[in-house]
Amino acid sequence: MSGLKQELGLVQGVGLLSTSLLGTGVFAVPALAAQLAQGDSLWAWPLLIALVFPIAIAFAALGRHFPSAGGAAHFVAMAFGPRMGKVTAWLFLSVIPVGLPAALQIAAGFWQSTLGWSAGGLLLVEVATLLLIWLLGTRSAGSSANIQTLIAVLVVALVAAIWWKGDIEPAEIPWPALGDVAPGNMFRALAVMFWCFVGLEAFAHLATEFRNSARDFPRALLLGMLLAGLVYWGGTVAVLHFHAYGEHQAAAASLPGIVVQLFGQHALWVACIIGYLACFASVNIYTQSFARMVWSQAQSKPHSALARLSSAQTPVNALSLVVGCCLLFTLLIYMLDLPLDTLLVYANGIFVLIYLLCMLAGCRLLAGRSRLMALVGALLCVLLLVIIGWKSAYALAMLALIWLLLPRRVRVRAEQ
């Protein structure tokens, strides 16, 4: 059986990861951070990058030494056995019913800002977005990477244009004195800002599709994370400079509002299109990662349709299943008018739990400084679960339920 096509380079990898991290948050989170911590948020971003860095180092080391389309599930299976790997896979896939439809709604919301469409019109945008993702997924990962690299350039260009037109000078940025930083505000902002760096686990599923995985995957992961962090910080500087935050306006409207203020009403189209594309990129990489997870897990049954690759060496059957499930839940959520914001808080706990499992796997599989980074990352994940509070019980309950429902014996398979 042939494997996934290996064609990703360093620049494409940086484009894929940075857009997946920017995604649905780049327009909203800078304003939320400014609202929660005001000027202290300028220090919050460097602090958050420093906190996430050990987790990123551990993921980079795991992807370098143990590349697999199974991603997190593969790492956990190697460390704790195939059954725990299956549990991790199902835990990751359990985000599909809520996470992807919510991201689709956020993406469609940018069209509502410009065209004022009704809920029915937005549903059509969501369905069309899924169709585009499916069509893109039938091609190799290189196609997604090229498009998402272009989207990353557009997002960076938008923030740079705001700085240029707004006469924002780096030397004049009002950094608060460290002694004046309020820890309470900082921690509240960090709790929101962390979700900007949820996406590292999805990127791990693409490790086998790099031309030189051992060299380029770790570099792409770290550079993509730093680029995304820089863009978020730059957006926060702009929001603070123009005082475009507060309860009087929606957080996602902050950067588009600045664009209109600087370039005129006609520029709103440009901002909203870039916002939609950023969301599209995030949904795309998660959908492709889910498909690779399904394909990887199906290798235990080689004759299954889900275990097959297309002529372009892509898991089209697995992708069709993921897109079909997402479409089903999108329609169900639309008909029931479910409040997704509440459900997403519970889903976020699942991501932290997956990070924790990967860090524990890293403690067992890695050596030297990489193992130390995995240990630090594991402690940070435990701290994040505590910060989430009782809502993290949903993720722990899902873990226990999946463990109980899976068969006791899982056949060992060759990971791809």
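Quick note: the coordinates plus some simple rules give every number you see, no bench work behind them. This one's a predicted model, so the numbers in the text were calculated from it and none came from an experiment. So basically every Cβ, Gly included, is an ideal-geometry build from the backbone, and we count neighbours across all protein chains shown.
Using a Gaussian network model of the chain with C-alpha springs under 10 Å, which one of 302, 67, 256 is most mobile by mean-square fluctuation?
Most flexible of the set in this elastic network: 302.
To the nearest 500 deg cm²/dmol, what mean residue ellipticity at 222 nm is calculated for the chain from DSSP H runs of n ≥ 4 alone, each contributing -39,500 (n - 2.57), summed and divided by the residues? Can you show the working numbers first?
Values: 17 runs with 297 residues, N = 416.
Taking each H run of at least 4 residues, the total per residue is -24000 deg cm²/dmol.
Tell me the relative contact order for the chain as a rounded percent, counting alpha carbon contacts under 8 Å between residues six or more apart. Mind dumping the intermediate values first?
On the way: 647 pairs, mean separation 151.8, N = 416.
Normalised by residue count, the contact order of the chain is 36 percent.
How far is helix 96-115 tilted off the main Cα axis of the chain, in degrees rounded to 10, range 0 to 90?
30
So how tilted is helix 213-241 from the main axis of the chain? Cα-based, degrees 0 to 90, rounded to 10.
Roughly 20 degrees, rounded to the nearest 10.
For the Cα atoms of the chain, what angle does the longest principal axis make with the long axis of helix 393-405, in degrees from 0 to 90, nearest 10?
Tilt of helix 393-405: around 10 degrees.
Return the label of the correct value of Cα extents along the principal axes in Å, as calculated from the structure shown, out of (1) 60, 48, 41; (2) 82, 56, 39; (3) 107, 56, 33.
Computing Cα extents along the principal axes in Å and matching it to (1) 60, 48, 41; (2) 82, 56, 39; (3) 107, 56, 33 gives (1).
So which aspartates and glutamates can residue 301 reach, going by Cα to Cα under 14 Å and dropping same-chain residues fewer than 8 places off?
Here the aspartates and glutamates satisfying the reach criterion relative to residue 301 are 415.
Over the range 207-338, what relative contact order in percent results from Cα pairs under 8 Å that are six or more residues apart?
On the way: 68 pairs, mean separation 14.9, N = 132.
Relative contact order, the range 207-338: 11 percent.
In the range 130-172, which chymotrypsin sites (Phe, Trp or Tyr not before Pro) are in a loop and have at most 12 other Cβ atoms within 10 Å, using DSSP for the loop call?
Numbers: sites: 134, 163, 164; in loops: none.
Sparse-neighbourhood loop chymotrypsin sites (Phe, Trp or Tyr not before Pro): none present.
For the chain, modelled as a GNM with alpha-carbon contacts under 10 angstrom, which of 226, 331, 16 fluctuates the most?
Its mean-square fluctuation being the largest, the pick is 331.
Quick one: net charge around residue 352, please, counting Lys, Arg +1 and Asp, Glu -1 for every other residue with C-beta under 13 Å from its C-beta.
Numbers: positive: 391; negative: 201.
Residues near residue 352 contribute 0 overall.
Excluding same-chain residues fewer than 8 positions from residue 5, which aspartates and glutamates have a Cα within less than 12 Å of its Cα?
209
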